[in-house]
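J.: Would you mind keeping the following structure in view while I ask a few things?
Each reported figure results from applying straightforward, stated rules to the coordinates on display, with no laboratory input. All values reported here derive from a predicted model rather than from experimental measurement. Virtual Cβ from ideal backbone geometry, glycine too; neighbours counted across all protein chains shown.
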Amino acid sequence: MTKAKLNEKMIASQAGYITVHNYDETTREHLSSCVEYLAVGVGLPASSCIDSPAEKLDGMVLCRKSDDSAWEYLPDYRGQTVYSIETGEPQEIIHLGGYPVGTTTSVPASRFDVWNGSEWITDSAALKTAAVKEAEQTKASLRSYANAFINEQQWPSRLALGRLSEDEKTAFNGWLDYLDVLEMVDISKAPEINWPMRP
């Protein structure tokens with residue numbers, strides 16, 4: 001088998017066979033090696049070179065440098081999830097190379113965690129504010145439900161007309177007591193709140 005000879009421009013000056021090493025056009029990741037026949041005046045196939053890649057290393061991928069001068073090892077974290085140190089939002093790594101700038105592999109414990117430069121810590125003020133806001137919404141929702149239920153039974157108007165039975169009066173009073181207790185709930189104690197039970 002005649003071996004091809006290449007000139008300084010990597011064009012065959014003598015026809016023959018040569019081993020080429022192919023890499024991905026986008027990621028420049030080594031794909032395969034094969035033997036190619038080159039006629040005189042023909043260059044190497046696109047995205048290939050003749051210098052042999054080194055041995056594979058765990059967790060690393062062999063890639064061609066962007067200037068096509070040599071092979072280099074790049075970390076392969078593709079498929080891993082990292083978290084923005086600004087927002088805590090997760091993102092999946094899809095490119096070769098190091099971890100994206102401004103990310104960490106450490107998982108925030110809650111949406112109220114902030115990055116302190118080395119770890120996530122919970123922003124207790126933000127957590128408290130959110131808990132109070134949620135308690136305020138819960139209180140309003142419970143109050144709205146109770147008032148809607150009372151009005152659905154038409155207890156206020158029927159009471160004014162003297163048309164409530166003793167059982168209905170008892171039930172009506174139970175709901176009014178519930179609204180009174182609900183009104184006294186101190187939402188500033190959130191999230192440690194014991195909500196009253198409905199009648």
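J.: Using only C-alpha positions, report the orientation-averaged shadow area of the convex hull of the range 5-73, nm², one decimal.
T.: On the way: hull surface 18.3 nm².
One quarter of the hull surface, i.e. the mean projection, equals 4.6 nm².
J.: Quick one: among 67, 113, 76, which has the greatest mean-square fluctuation in a GNM of the chain with alpha-carbon springs under 10 angstrom?
T.: Comparing 67, 113, 76 in the GNM, the peak value goes to 67.
J.: What is the magnitude of the charge dipole of the chain about its Cα centre, with +1 placed on the Cβ of each Lys and Arg, -1 on the Cβ of each Asp and Glu, and no other charges, expressed in debye to the nearest 20? Intermediate values should be presented prior to the final figure.
T.: Working: 18 positive and 29 negative charges, 68 e Å.
Around 320 debye, computed over the chain.
J.: How large is the helix-only mean residue ellipticity at 222 nm for the chain, computed as the sum of -39500 (n - 2.57) over DSSP H runs with n ≥ 4, divided by its residue count, in deg cm²/dmol to the nearest 500?
T.: Numbers: 3 runs with 53 residues, N = 199.
Mean residue ellipticity at 222 nm (helix-derived): -9000 deg cm²/dmol.
J.: Which value, in nm² and rounded to one decimal, describes the direction-averaged projected area of the C-alpha convex hull of the range 81-122?
T.: That works out to 2.8 nm².
J.: When only alpha-carbon atoms are used, what values of Rg and Dmax, in angstrom, describe the chain?
T.: For the chain, the Cα radius of gyration and maximum Cα-Cα distance read 36.1, 114 Å.
J.: If you stretched the chain out fully between residue 197 and residue 157, how much longer would it get, using 0.36 nm times the residue separation minus the C-alpha to C-alpha distance? Kindly include the intermediate steps, with their values, before the conclusion.
T.: Details: separation 40, 0.36 × 40 = 14.40 nm, distance 2.52 nm.
Length gained, residue 197 through residue 157: 11.9 nm.
J.: Count charges around residue 15 for me, please; just the other residues with Cβ under 11 Å from its Cβ, Lys/Arg as +1, Asp/Glu as -1. Each step should come with its number before you reach the end.
T.: Numbers: positive: 3, 5; negative: none.
The answer is +2.
J.: A further question follows. Taking a cut-off of 22 Å between Cα atoms, list the lysines near residue 139, but don't count ones fewer than 8 places away on the same chain.
T.: Here the lysines satisfying the reach criterion relative to residue 139 are 128, 189.
J.: Please provide three numbers in whole Å: the alpha-carbon extents of the range 124-189 along the principal axes, with the largest listed first.
T.: Rounded to whole Å, the extents work out to 53, 17, 14 Å.
J.: From the phi of every residue in the range 45-50, what ³J(HN,Hα) in whole Hz does the Karplus formula 6.51 cos²θ - 1.76 cosθ + 1.60 yield, where θ is phi - 60° and glycine or proline is x?
T.: These are the phi-based 3J(HN,Hα) values: x, 4, 6, 8, 8, 10 Hz.
J.: So what's the net charge close to residue 111: Lys and Arg +1, Asp and Glu -1, counting the other residues with Cβ under 12 Å from its Cβ?
T.: On the way: positive: none; negative: 89, 113, 123.
Net charge around residue 111: -3.
J.: Sticking with this one: Please identify, among 61, 114, 181, the residue showing maximal mean-square fluctuation in a Gaussian network model of the chain using a 10 angstrom Cα cutoff.
T.: Most flexible of the set in this elastic network: 181.
J.: Between residue 39 and residue 134, what is the label-to-label distance in nm when each label sits 7 Å out along the Cα-to-Cβ direction?
T.: 7.3 nm
J.: So which residue, out of 23, 145, 77, gets the largest mean-square fluctuation from a GNM of the chain using Cα contacts under 10 Å as springs?
T.: 145
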